[in-house]
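So the structure is just underneath, and the comments pick up after that.
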Amino acid sequence: MDMEEILNSTIHPTCLEEPPLAIDVIKQLDVFGVALYSMLTLMSTLSLLLYLEECVFIYRKVTSPKKTTIMWVNGAAPVIATMACFGMWIPRATMFTDMTSNSYFAVVVYKILVLMIEESGGSEAFLKSNAQKTFKINVGPCCCCCPCLPRVPVTRRMLFLLKLGALQYAILKTVISIVSIILWTNGNFDLSDLEITGTTIWINPFIGVLTIISLWPVAIMFMNICNTLRSIRIIPKYAMYQLVLVLSQLQTAIINILALDGTIACSPPFSSTARGTMLSQQLMIVEMFIITLVTRALYRRTYDPHPSDPHETDNNQNTKISLQAPQEEHAA
């Protein structure tokens, strides 16, 4: 008996199989498992219900087109939590649930940039108020270590390039997700296959490059206008977006790596990889539920639109005074 046969004889057969079916997951649940799965399902359901209620509020209280952008941004945590819940109950569907969550968040990256522009009064107002300014571009994640980069004047072309940099990720990530699912159904895409001839080793780094390119214009916009939009709490809103990014991308990648090298042990009926994915889904539900509550407190409120011109408020006040004066004289 050679070494490979000895190892195979000491490993539970389910540790070498694909993820279990949903019915197998339900059958192996004990009292603690039932309580855990029920609590996590309740959390994801509450996240989705709170988001739907918030959408109704925003639709009624916020003007277009800002309300559509806010709905997209607010949906990141509830959508990820809902997809993680589906992936927890149906382990073999994680390919589809993860691709859906990642594609939605790719759109959110672009919508965060659009939200900051709309909070500044729209594209035209943004260009008008920043016409004499220059933006620094030596910010993360691309060029934070390049202080020699010159400041860039705010022009229509610069704004277009910022939008394009964020939009390319939303489009290409969705296309790559669809292609990956097609290849997976044909047996050509396997996350555990890290051979140079596999498609995973080529697709994942390419997605990473697209992600970095899309995060750069969003960071440029935020670092240059965060003080202007401080009154509408843009800093905690941006922090929540960054937190969703780290948890949904970096945390999941770390857990998957630990599962691939066997650090996360096999636990029948889950293989090491399937168990790592299950733990990632469960953590994601709890984290996204908390983020849903925080973003609800940040966005579910009405506030005055940000003036496009610093002198606009003074001019409006002077206009109101001049209009009220004749009315007071007439009343006297």
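Scan region 51-63 and give yes if some residue there is touching an Asp or Glu at 6+ places or on another chain (Cβ under 9 Å) and either under 19 Å from Ile112 (Cβ atoms) or of a type in the set (Lys, Arg) (or both), otherwise no.
No, there is no match, as no residue in region 51-63 is touching an Asp or Glu at 6+ places or on another chain (Cβ under 9 Å) and either under 19 Å from Ile112 (Cβ atoms) or of a type in the set (Lys, Arg) (or both).
Residue by residue, here is whether (1) more than 30 Å from Thr69 (Cβ to Cβ); (2) modelled with pLDDT of 85 or more; (3) of a type in the set (Lys, Arg) holds:
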| position | (1), (2), (3) |
| --- | --- |
| Asn138 | no, no, no |
| Val179 | no, yes, no |
| Asn186 | yes, no, no |
| Glu195 | yes, no, no |
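Give region 108-141 a look and list any residue that's in contact with a Pro (Cβ under 6 Å, 6 or more places away or on another chain) and without any contact (Cβ under 8 Å) to a residue 12 or more places away in the chain, or say none.
Asn138
Examine region 237-259 for a residue that is surrounded by 19 or more Cβ atoms within 10 Å (Cβ to Cβ), modelled with pLDDT of 80 or more and aromatic (Phe, Trp, Tyr), and state whether such a residue exists.
Taking every residue of region 237-259 in turn, at least one turns out to be surrounded by 19 or more Cβ atoms within 10 Å (Cβ to Cβ), modelled with pLDDT of 80 or more and aromatic (Phe, Trp, Tyr).
For every residue, the table says whether it meets (1) modelled with pLDDT of 90 or more; (2) surrounded by 18 or more Cβ atoms within 10 Å (Cβ to Cβ); (3) hydrophobic (A, V, I, L, M, F, W, C); (4) assigned to a helix (DSSP H, G or I).
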residue	(1), (2), (3), (4)
Ser64	no, no, no, no
Ala81	yes, yes, yes, yes
Thr94	no, yes, no, yes
Leu115	yes, yes, yes, yes
Leu127	no, yes, yes, yes
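Could you tell me whether region 215-230 includes any residue that is touching a Leu at 6+ places or on another chain (Cβ under 8 Å), surrounded by fewer than 18 Cβ atoms within 10 Å (Cβ to Cβ) and of a type outside the set (Val, Ile, Thr)?
The answer is no, given that none of the residues of region 215-230 is touching a Leu at 6+ places or on another chain (Cβ under 8 Å), surrounded by fewer than 18 Cβ atoms within 10 Å (Cβ to Cβ) and of a type outside the set (Val, Ile, Thr).
Name the residues in region 45-61 that are modelled with pLDDT under 90 and hydroxyl-bearing (Ser, Thr, Tyr), would you?
Tyr59
The values are calculated or read from the model by the stated rules, or taken from the named source; none is laboratory data. The model shown is predicted, which means the values in this text are computed figures rather than measured ones. Glycine also receives a Cβ, built like all others from the backbone with ideal geometry; neighbour counts cover every protein chain displayed.
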